[in-house]
Amino acid sequence: MEFLSTPDFWIGLVKIIWINIILSGDNAVVIALAARSLPPVQQKKAIMIGSGAAVVLRIVLTVVAAKLLELSFLQIIGGVLLLWIGYQLLSGDDGEEGESKGSGGMVAAVRTILIADLVMSLDNVIAVAATAQGNMVLLILGLAISIPLVIFGSTLMIKLMERFPVIITLGAALIGWVAGETIVNDNILHDYAVSHPWLHYAAAAAGAILVVAVGKFVKARNESKVHAAA
């Protein structure tokens with residue numbers, strides 16, 4: 001435990017916490033979007049369980065992230081998953097209806113949080129791992145301390161979404177943007193993306209537009225069916 005008394009340890013810990021504050025903004029948006037339609041009690045449970053489990057996943061992912069990012073098509077698959085998640089969160093097409101939406105809705109929300117966080121953290125964890133410099137205690141402490149930060153951010157986002165519904169659309173667009181970035185950052189597209197810098201922004205913008213356009217279209221169609229049935 002002597003390392004606790006060294007300034008390098010505390011400087012590294014502050015760096016990791018700060019990195020997580022900066023990089024967890026989009027994760028907080030995903031958590032808020034996934035939990036916003038749940039009852040207040042289940043919202044809190046979904047946020048706490050999802051945030052805690054996501055941090056544990058990040059710790060595991062950090063150990064193997066560098067190797068994972070070398071695999072071709074992995075980020076393409078991850079980006080497609082994010083597009084699907086963004087579409088579902090915006091369209092409200094979660095496959096749960098009536099009585100079954102209770103506990104099943106919370107399970108679906110936690111599942112969505114974990115999948116999205118796993119994909120969106122592939123690049124982020126490399127920065128954290130580099131800061132930790134192989135010190136697992138530092139890594140685990142830094143990520144564990146970031147849990148309440150993510151929870152607070154998610155809770156704040158839910159309140160803002162209730163007051164300003166446009167944030168839901170902006171949040172889904174953010175997920176689509178990250179999805180486009182993730183796809184174009186795949187190892188198999190790296191060389192082409194480097195020689196064509198515009199592709200990064202084009203893919204990100206296309207992802208955002210696709211999620212919002214398809215999500216809004218499906219939501220409007222579902223609402224028209226409900227009104228017609230009524």
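The values are calculated or read from the model by the stated rules, or taken from the named source; none is laboratory data. Note that the coordinates shown come from a computational prediction; the quantities given were computed from them, not determined experimentally. Using ideal geometry, Cβ is built from the backbone for each residue, glycine included, and neighbour counts are taken over all protein chains shown.
For residue 194, state whether it is under 24 Å from residue 50 (Cα atoms) and of a type in the set (Val, Ile, Thr). Quick ask: steps written out before the conclusion?
On the way: under 24 Å from residue 50 (Cα atoms): no; of a type in the set (Val, Ile, Thr): yes.
Answer is no for this residue.
State the number of residues belonging to the stretch 68-103 that are part of a helix (DSSP H, G or I), more than 19 Å from residue 221 (Cβ to Cβ) and at pLDDT 60 or above.
Here is the first cut: in the stretch 68-103, the residues part of a helix (DSSP H, G or I) are 68, 74-91, 98-101, 103.
With the extra rule that they be more than 19 Å from residue 221 (Cβ to Cβ), the set shrinks to 68, 74-82, 85, 98-101, 103.
The next check asks that each one be at pLDDT 60 or above; those that pass are 68, 74-82, 85.
Number of matching residues: 11.
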Next on the checklist: Taking the conditions exactly as written (surrounded by 14 or more Cβ atoms within 10 Å (Cβ to Cβ), at pLDDT 80 or above and within 15 Å of residue 154 (Cβ to Cβ)), does residue 30 satisfy them or not?
Outcome noted: yes
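Could you please let me know if residue 127 is modelled with pLDDT of 90 or more and among the aliphatic types (A, V, I, L, M)? Even if it seems obvious, please write down each step before you answer.
Numbers: modelled with pLDDT of 90 or more: no; among the aliphatic types (A, V, I, L, M): yes.
Here the answer is no, as residue 127 does not meet what is asked.
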Checklist entry - Condition test on residue 136, is it surrounded by fewer than 20 Cβ atoms within 10 Å (Cβ to Cβ) and either at pLDDT 70 or above or within 15 Å of the chain's Cα centre (by Cα) (or both)? => result yes
Checklist entry - Which residue, of 207, 171, is touching a Gly at 6+ places or on another chain (Cβ under 6 Å) and closer than 24 Å to residue 84 by Cβ? => result 207
